[in-house]
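This report concerns only the one structure given below.
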Amino acid sequence: MAVPVLAVEGLRLAIRGDEGEARILDHVSFSVAQGEILGIVGESGCGKSTLIRAILGILPRGARIGAGEIRFEGENLLAFSEAELDRTVRGSRISFIPQDPYLALNPLFTVGAQLLESMRRHLPGTPREHREQLTKILRRVQLPDAELALDRYPHQFSGGQRQRLLIAAALACRPKLVIADEPTTALDVTTQQQILVLLRELVDDMGLSMLFVTHDLGVVAELCDRVGVIYAGQSVENGPARHLLRAPMHPYTAALLACHPDRSDDFVGIPGSVPSPLRAPPGCRFAPRCAQAQPACTLRDPALRNAAPGHAVDCILYDAQDGGR
Ligand SMILES: Nc1ncnc2c1ncn2[C@@H]1O[C@H](COP(=O)(O)OP(=O)(O)O)[C@@H](O)[C@H]1O
Ligand SMILES: [Mg+2]
């Protein structure tokens with residue numbers, strides 16, 4: 001099998017604070033193949049943004065990686081120095097689309113001044129060639145008046161147009177992997193829809209891979225090939241989007257689906273809330289909210305086990321299927 005573009009295995013990230021050490025991520029595992037969009041799903045507070053920071057090598061203060069690997073094109077990123085990450089990975093081979101296009105652009109500078117900077121740092125060519133390349137990408141992301149955009153200021157664009165600018169910026173240095181952190185949540189529903197269609201087209205045309213982080217299973221159903229579900233910092237289920245959404249195995253995935261039947265409905269929510277990592281329950285962290293919990297759930301060591309080809313789950317309900325344990 002081809003080497004995945006990104007493979008995260010058994011990742012643990014702990015932050016030391018006044019109240020002790022908290023495992024914000026514990027046993028997170030998934031992989032993204034070439035040309036694939038992997039959705040990372042979980043409620044707010046489950047560790048999605050922290051996971052992205054770990055991959056990009058921009059850890060929060062006091063954080064350390066306690067276990068696991070992050071392999072990008074076969075290389076372990078955790079062994080890279082800060083300078084190597086900056087020079088050869090971040091913003092070039094791995095790029096990022098932020099959540100809020102209103103916050104991500106500096107109002108004081110033209111779009112060109114901001115978007116051309118990373119091209120200047122990472123790509124050969126003259127400023128003029130960079131402008132031409134970027135204008136071409138702005139046309140590709142269907143920004144109106146692409147030729148004029150680089151000399152305009154952010155306030156001259158709508159939210160959807162700003163997100164197109166940021167998508168163009170993410171593509172400018174010809175990345176292998178694009179990471180998007182809830183890139184449509186700040187946009188209205190129609191614009192959201194257009195951006196999702198655009199992202200799918202770009203991934204398919206350019207042979208990119210994408211890690212798409214969201215709390216919205218409706219978005220996953222539309223966009224993603226595969227899904228990784230995380231709960232309170234732990235991987236609970238990974239599988240092909242179609243299977244996982246039609247026949248979820250983990251009770252958390254099932255609960256997320258049950259309270260989110262249609263994107264237009266109000267989010268009802270699963271009773272209870274995601275625990276703070278400082279007060280994470282032992283064993284399966286979902287057990288206190290799980291309708292199918294058993295006493296033994298609190299004793300489990302978290303670990304994804306293969307339940308079907310390409311489909312893995314971490315739940316006591318499926319343990320018997322894995323070698324009769
Ligand atoms: N720098 C930090 N220090 C302490 N706790 C943090 C820090 N960053 C995030 N957390 C905690 O880690 C958990 C996951 O946060 P986050 O990654 O932002 O989740 P998500 O993006 O899924 O909403 C939350 O409980 C959050 O409070
Ligand atoms: Mg987040």
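The values are calculated or read from the model by the stated rules, or taken from the named source; none is laboratory data. Keep in mind that what you see is a predicted model, and the values were worked out from it rather than measured. Ideal geometry is used to build each Cβ from the backbone, glycine not excepted, and the neighbour counts take in all protein chains shown. SASA here: full protein model, heavy atoms, side chains in, ligands and nucleic acids out. Shrake-Rupley method; radii C 1.70, N 1.55, O 1.52, S 1.80 Å.
Tabulated results
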{"quantity": "Number of the exception - M1 against (1) modelled with pLDDT under 95; (2) within 16 Å of ligand 2 (Cβ to nearest atom)", "calculated": "(2)"}
{"quantity": "Matching residues in the range 44-56 - criterion: being more than 9 Å from ligand 2 (Cβ to nearest atom) and touching a Phe, Trp or Tyr at 6+ places or on another chain (Cβ under 7 Å)", "calculated": "L56"}
{"quantity": "Top-ranked residue in the range 6-37 [being open to solvent by less than 10 Å² (accessible area, probe 1.4 Å) and out of contact with any helix residue (DSSP H, G or I) (no Cβ under 9 Å at 6 or more places or on another chain); ranked as farthest from ligand 1 (Cβ to nearest atom)]", "calculated": "A7"}
{"quantity": "Residue in the range 265-287 that is farthest from ligand 1 (Cβ to nearest atom), counting only those that are part of a helix (DSSP H, G or I) and at pLDDT below 95", "calculated": "R279"}
{"quantity": "All positions within the range 165-189 that are within 16 Å of ligand 1 (Cβ to nearest atom), within 15 Å of the chain's Cα centre (by Cα) and either over 24 Å from L217 (Cβ atoms) or surrounded by fewer than 24 Cβ atoms within 10 Å (Cβ to Cβ) (or both)", "calculated": "D181, E182, T185"}
{"quantity": "Identity of the residue in the range 211-231, part of a loop (DSSP other than H, G, I, E, B) and modelled with pLDDT of 95 or more, that ends up most open to solvent (accessible area, probe 1.4 Å)", "calculated": "D225"}
{"quantity": "Sole exception among (1) in contact (Cβ under 8 Å) with a residue 40 or more places away in the chain; (2) out of contact with any Pro (no Cβ under 9 Å at 6 or more places or on another chain); (3) within 16 Å of ligand 2 (Cβ to nearest atom); (4) of a type in the set (A, V, I, L, M, F, W, C) for A67, by number", "calculated": "(3)"}
{"quantity": "Residues within the range 109-142 that are more than 24 Å from V89 (Cβ to Cβ), outside any helix (DSSP H, G or I) and in contact (Cβ under 8 Å) with a residue 12 or more places away in the chain, tallied", "calculated": "3"}
{"quantity": "Test: residue in the range 193-204 that is more than 16 Å from ligand 1 (Cβ to nearest atom) and outside any helix (DSSP H, G or I)", "calculated": "no"}
{"quantity": "Tally, over the range 39-59, of residues that are at negative phi, surrounded by fewer than 24 Cβ atoms within 10 Å (Cβ to Cβ) and more than 9 Å from ligand 1 (Cβ to nearest atom)", "calculated": "3"}
{"quantity": "Search result, residues across the range 79-114 that are open to solvent by 70 Å² or more (accessible area, probe 1.4 Å), modelled with pLDDT of 95 or more and aliphatic (A, V, I, L, M)", "calculated": "A79, L108"}
{"quantity": "Candidates D225, D216, filtered to the one that is charged (D, E, K, R), within 15 Å of G39 (Cβ to Cβ) and in contact with a helix residue (DSSP H, G or I) (Cβ under 7 Å, 6 or more places away or on another chain)", "calculated": "D225"}
{"quantity": "Which listed residue is within 28 Å of V32 (Cα to Cα) and open to solvent by 70 Å² or more (accessible area, probe 1.4 Å), from R120, R162, R131, R140", "calculated": "R140"}
